[in-house]
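The values are calculated or read from the model by the stated rules, or taken from the named source; none is laboratory data. All values reported here derive from a predicted model rather than from experimental measurement. No Cβ is skipped: glycine too gets one built from the backbone with ideal geometry, and neighbour counts run over all protein chains shown. Surface accessibility is based on the protein's heavy atoms, side chains included, excluding ligands, DNA and RNA. Shrake-Rupley method; radii C 1.70, N 1.55, O 1.52, S 1.80 Å.
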Amino acid sequence: MEKTFTLSNGVTIPSVGYGTYKVIDASAADIVRTALECGYRHLDTARIYGNEKEVGEGMQMSSVPRNEIFLTSKVWKTHLSYDDALRSVEESLKDLQTDYLDLCLLHWPMPEGDHAHWQQRDLAAWQALERLYEEKVVHAIGVSNFLPHHLMPLLAKANIKPMVDQLEIHPGYCQPYAMSFCQKEGIQVEAWSPLGRTRVLEEPLLLELAEKYGKSPAQICLRFALDNGVLPLPKSASLERMKANLDVFDFRLSPEDISRIFTMAQTGWSNQHPDTF
Ligand SMILES: NC(=O)c1ccc[n+]([C@@H]2O[C@H](COP(=O)([O-])OP(=O)(O)OC[C@H]3O[C@@H](n4cnc5c(N)ncnc54)[C@H](OP(=O)(O)O)[C@@H]3O)[C@@H](O)[C@H]2O)c1
């Protein structure tokens with residue numbers, strides 16, 4: 001089964017990533033080390049998470065060499081200009097104690113404040129990522145929370161097409177229109193909050209499918225992403241749940257069950273939408 005996906009530029013990316021949002025307390029570096037040592041080879045952080053130092057420390061503490069880790073960070077919406085985006089990546093690299101990122105994303109399409117000029121601001125920040133890509137400081141570039149109407153103006157002017165779009169995707173909030181748009185454009189979709197930050201884990205359909213497949217509701221959520229070619233980024237601070245979230249490569253959901261998840265009543269949404277401020 002798919003242990004990696006291949007991005008449009010040929011870069012391979014481990015098909016389950018470890019999400020580090022809120023991995024921030026005193027034990028954060030240790031948690032990141034534990035995630036690497038229990039098998040994760042893909043870490044997802046962001047400038048705004050305020051944990052890049054701890055993620056960097058966790059990578060240093062682990063026995064896993066840097067070149068076996070796929071590391072993503074993101075440029076926050078306060079930094080959507082050419083110079084600010086360059087500065088943001090420079091600061092990320094310093095905190096993460098590395099000289100390259102495997103993937104760098106624009107975190108949200110709307111800049112803080114200046115909403116009227118979002119298209120120009122996105123393009124300027126994107127051009128900074130294009131430069132860093134050409135200089136091999138970042139090995140792949142992409143976006144996050146960009147819906148098709150945010151991607152279209154960028155695709156029209158970009159020299160390099162985004163390789164990834166990271167979106168909120170989980171049972172109860174699948175964003176099939178955005179998912180299918182990206183997939184037709186060859187943009188790898190990643191799922192943030194793939195477990196709906198636990199809000200969906202007691203849903204009767206997920207409990208029923210968990211029983212049917214002999215897996216947990218969380219594992220059903222992760223398999224749902226993978227069975228749709230979407231790369232999930234589950235976060236867990238517990239070793240047991242970290243391991244469980246990697247144990248999703250010995251079953252597949254049937255087409256009927258995938259359809260039931262896609263069409264279940266909407267639930268578990270984070271309340272975060274790129275067009276609301
Ligand atoms: N691009 C964006 O705008 C954006 C936004 C949000 C998140 N993200 C990324 O996506 C990652 C994941 O999203 P998320 O952290 O919001 O939510 P999530 O991964 O959907 O859910 C995390 C929650 O689920 C619990 N959990 C983990 N595994 C479990 C399991 N097997 N069974 C039961 N509960 C389990 C965790 O608790 P324990 O820790 O106690 O296990 C935690 O409370 C983030 O860490 C971040 O990297 C990106």
Within the range 246-260, how many residues are open to solvent by 10 Å² or more (accessible area, probe 1.4 Å) and either within 15 Å of Tyr18 (Cβ to Cβ) or in contact with a strand residue (DSSP E or B) (Cβ under 6 Å, 6 or more places away or on another chain) (or both)? 2
Taking first residues from the range 92-115 that are of a type in the set (S, T, N, Q) and second residues anywhere that are open to solvent by 20 Å² or more (accessible area, probe 1.4 Å) and within 14 Å of the ligand (Cβ to nearest atom), the pairs with Cβ under 7 Å that are 6 or more apart or on different chains are Ser92/Arg47
Whether any residue in the range 109-121 is more than 27 Å from Lys3 (Cβ to Cβ), part of a helix (DSSP H, G or I), of a type in the set (A, V, I, L, M) and within 16 Å of the ligand (Cβ to nearest atom) is what I want to check. no
Options Asn9, Asn51, Asn67: the member that is without any contact (Cβ under 8 Å) to a residue 40 or more places away in the chain, more than 13 Å from the ligand (Cβ to nearest atom) and among the polar types (S, T, N, Q): Asn67
Here the residues within the range 151-167 that are touching a Cys at 6+ places or on another chain (Cβ under 7 Å) and among the β-branched types (Val, Ile, Thr) are none
Inside the range 193-243, the number of residues satisfying the requirement of being in contact with a strand residue (DSSP E or B) (Cβ under 7 Å, 6 or more places away or on another chain), open to solvent by less than 60 Å² (accessible area, probe 1.4 Å) and within 12 Å of the ligand (Cβ to nearest atom) is 12
Counted residues in the range 261-277 being without any contact (Cβ under 8 Å) to a residue 24 or more places away in the chain and within 13 Å of the ligand (Cβ to nearest atom) come to 2
Within the range 170-181, is even one residue out of contact with any helix residue (DSSP H, G or I) (no Cβ under 9 Å at 6 or more places or on another chain) and open to solvent by 50 Å² or more (accessible area, probe 1.4 Å)? no
